[in-house]
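Trainee: What follows is a structure written as structure tokens; I'll ask about it next.
Nothing in this text is a laboratory measurement; each read-out follows from the coordinates by a stated rule. It should be emphasised that the depicted structure is a prediction, and the values quoted were computed from it without experimental measurement. Neighbour counts run over all protein chains shown; Cβ positions are idealised from the backbone, glycine included.
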Amino acid sequence: MAQISTYASIQTPTLDDKLIGTDVENENLTKNFTVSSILSLQNVDLTNVLSATSYADQEPSGLDSPLQVTFGAAQNTASDAVMLDSAGNITFNQTGTYLFNGYATIERQGSSGGVASLLFRSLINGSQASTIKGFDLGNTQIMIPYEVTVPVKIETAGTVLTWELLRDSSGVNSGGIYSHTTSSSWDNVPSTHFDIYKLG
């Protein structure tokens with residue numbers, strides 16, 4: 001048999017073609033592997049385990065008073081991978097890696113004048129989990145969609161994820177998360193929404 005380097009032709013592989021490799025889990029035996037079996041190792045199984053939506057307007061009670069963001073009615077139970085309560089606590093009942101995609105409709109309503117400074121943060125078990133996000137709103141009736149996608153690695157069952165909104169005292173006491181009723185045939189715009197996907 002000639003050395004592999006001497007083969008001149010380059011072929012396009014099919015999924016059923018075989019490659020030679022070493023089976024390290026079986027005494028380093030030389031074995032054939034199909035192209036499809038190797039490609040399948042790269043597949044990521046992503047399953048939506050929870051979706052939630054709220055149409056409730058959410059406003060902090062005053063300056064520097066954090067408001068826990070809610071996402072609608074309670075869903076799922078302790079037997080599910082993830083559950084939500086009506087206060088906005090997202091509890092991960094199973095360990096693993098998750099993908100959180102969240103949305104909020106940021107707006108300033110009420111009186112004009114000055115600039116409102118709105119801040120967001122996420123918390124894991126009550127401790128800040130990432131950087132603070134901020135919005136300065138100098139005018140009323142401007143709707144800003146805010147969307148964030150973050151991976152969440154859960155190593156302990158029972159871990160709780162929450163989100164908070166704050167009107168910072170560097171600005172005026174105005175602004176929050178609001179829903180919008182549309183006049184078209186499209187659905188209304190929610191105040192908040194999220195999807196959580198589990199990997200594997």
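Trainee: Taking the Cα centre of the stretch 46-199 as origin and charging only Cβ (+1 Lys, Arg; -1 Asp, Glu), how large is the dipole, in debye to the nearest 20?
Mentor: Details: 6 positive and 13 negative charges, 42 e Å.
Charge dipole, the stretch 46-199, about its Cα centre: 200 debye, nearest 20.
Trainee: Below 8 Å, C-alpha to C-alpha, sequence gap of six or more: please give me the relative contact order for the chain in percent.
Mentor: On the way: 456 pairs, mean separation 57.7, N = 200.
Computed over the chain, the figure is 29 percent.
Trainee: Tell me what the chain gives for mean residue ellipticity at 222 nm when only DSSP H runs of n ≥ 4 count, each as -39,500 (n - 2.57), the sum divided by the residue total, rounded to 500 deg cm²/dmol.
Mentor: Result for the chain: -500 deg cm²/dmol, rounded to the nearest 500.
Trainee: Give me a comma-separated list of calculated 3J(HN,Hα) values for the stretch 14-19, in order, Karplus coefficients 6.51, -1.76, 1.60 applied at θ = phi - 60°, integers in Hz, x for any Gly or Pro.
Mentor: 10, 5, 8, 5, 10, 10
Trainee: Just how far, in whole angstrom, is the stretch 126-200 from the stretch 44-66 if you go by their alpha carbon centroids?
Mentor: Spelled out, the Cα-based centre of one part sits 6 Å from the other.
Trainee: Quick check: convex hull over the Cα atoms of the stretch 46-199, volume per residue in Å³, rounded to an integer? If you can, show how the numbers build up before the last one.
Mentor: Numbers: hull volume 16.8 nm³, N = 154.
Convex hull volume per residue, Cα atoms: 109 Å³.
Trainee: For residue 82, list long-range residues whose amide hydrogen, built 1.01 Å from N in the peptide plane, is under 5 Å from its own amide hydrogen.
Mentor: 93
Trainee: Moving on. If I model a spin label as a point 7 Å beyond the Cα along the Cα-Cβ vector, how far apart are those points for residue 115 and residue 189 in nm?
Mentor: 2.2 nm
Trainee: Let me ask another. Using each residue's phi in the stretch 136-151, evaluate 6.51 cos²θ - 1.76 cosθ + 1.60 at θ = phi - 60° and report the 3J(HN,Hα) Karplus result to the nearest Hz, with x for Gly and Pro.
Mentor: With coefficients 6.51, -1.76 and 1.60, one gets 9, 10, x, 9, 8, 6, 10, 8, 10, x, 10, 10, 9, 10, 9, x Hz.
Trainee: Enumerate the calculated ³J(HN,Hα) couplings along the stretch 54-70 in order (Karplus 6.51 cos²θ - 1.76 cosθ + 1.60, θ = phi - 60°), each rounded to whole Hz, writing x wherever the residue is Gly or Pro.
Mentor: With coefficients 6.51, -1.76 and 1.60, one gets 10, 10, 7, 5, 10, 10, x, 6, x, 5, 6, 10, x, 10, 6, 6, 10 Hz.
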